[in-house]
1. Just checking, which of Ala255, Ala157, Ala194 is in contact with an Asp or Glu (Cβ under 6 Å, 6 or more places away or on another chain), of a type in the set (Gly, Ala, Ser) and surrounded by fewer than 20 Cβ atoms within 10 Å (Cβ to Cβ)?
2. State which residue is surrounded by the fewest Cβ atoms within 10 Å (Cβ to Cβ) when the search covers only the stretch 214-235 and only residues that are under 17 Å from His173 (Cβ atoms) and touching a helix residue (DSSP H, G or I) at 6+ places or on another chain (Cβ under 9 Å).
3. Residue check: is Arg263 of a type outside the set (Asp, Glu), over 16 Å from Ala157 (Cβ atoms), modelled with pLDDT of 95 or more and assigned to a strand (DSSP E or B)?
4. Taking the stretch 171-213 only, how many residues are of a type in the set (Gly, Ala, Ser) and touching a helix residue (DSSP H, G or I) at 6+ places or on another chain (Cβ under 8 Å)?
5. Take the stretch 73-87 and flag every residue that is under 23 Å from Asp32 (Cα atoms), at pLDDT 95 or above and in a loop (DSSP other than H, G, I, E, B).
6. Checking the condition hydrophobic (A, V, I, L, M, F, W, C) and more than 27 Å from Gly182 (Cβ to Cβ), which residue from Ala111, Ala79, Ala100 passes?
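The values are calculated or read from the model by the stated rules, or taken from the named source; none is laboratory data. Model, not experiment: these values are computed from the prediction. Cβ atoms come from the backbone with ideal geometry, glycine included; neighbour counts cover every protein chain shown.
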Amino acid sequence: MLRIATANAASGRSPSPASGHAKDPGDWALDDWAHDAAALDLDLLAVQEVDHLLPRSGHADQTATVAHALAAGGDPWHARFAAAVHGTPGNAATMRPAPATVGEEPSYGVALLSRHPVEQWDEHRMAPSAVRIPVRNPSWTDEERVVVADEQRVALAARVLAPGGPVTVVTTHLSFVPWRAGAQLRGLVAWARALPRPLVLLGDLNLPASVASRLTGWTRVPTGPTYPAQRPVARLDHVLLDGCTAEEAGTVRLAGADHLAVRATVRW
């Protein structure tokens, strides 16, 4: 059994009071977010939109910050950050695809944190969409629509030595361009064929649940919508299972994020 959750941390940015989405650089609330995550009493946490040593978040190692909160003074957690891009995402002057995770390189990506030991880590990178696309949060005003360029994406896998036996856990954050997110998910499934089962996929897939389960062939864990957090209307954050089952699933608000977290208890 594993108590798991997936959550988009928005790099520690607090939502704008007016619209509910994280857009105000300089308003950082990762400590509060990590405190809320620790209160869930998890065995494993997958996090998307993680900053690593970036100037905009005070050069902090956000994965280490969350790991410290989850440990709560007890045994250290096993944690790994995987870089999707080096530099600040959305900044044309600094952002570039990350061919690998480099510990001292300011980067942006995803993280996995486990209470139990991890036997093996693996990373898989996925090319971005070649087109720029307008992005609009359902709670934004018309003036808040922005046109943005996509970035490279990354998946991080961990073979967790859980008390009930080993389990593979994968997290990712797919493209906001729907057709590219679908192609990335199909590529991830092909890459994951070599990973041992049972397997759990956790992440912000930027796809509806029915599409995600159809493209993977894996079982989706049913929950409500997750985005935007204040008035959720879309379910972008998912738990998908191959070779295991889930119970006690639901969503929860974590401070400073514009997505609800999804949590579940997984058995195999």
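1. Ala255
2. Of everything passing the filter in the stretch 214-235, Leu215 is surrounded by the fewest Cβ atoms within 10 Å (Cβ to Cβ).
3. Yes; evaluated as a whole, the condition is true for this residue.
4. Adding up the residues that qualify gives 3.
5. Of everything in the stretch 73-87, those that are under 23 Å from Asp32 (Cα atoms), at pLDDT 95 or above and in a loop (DSSP other than H, G, I, E, B) turn out to be Gly74, Asp75, Pro76, Trp77.
6. When all the criteria are applied, what remains is Ala79.
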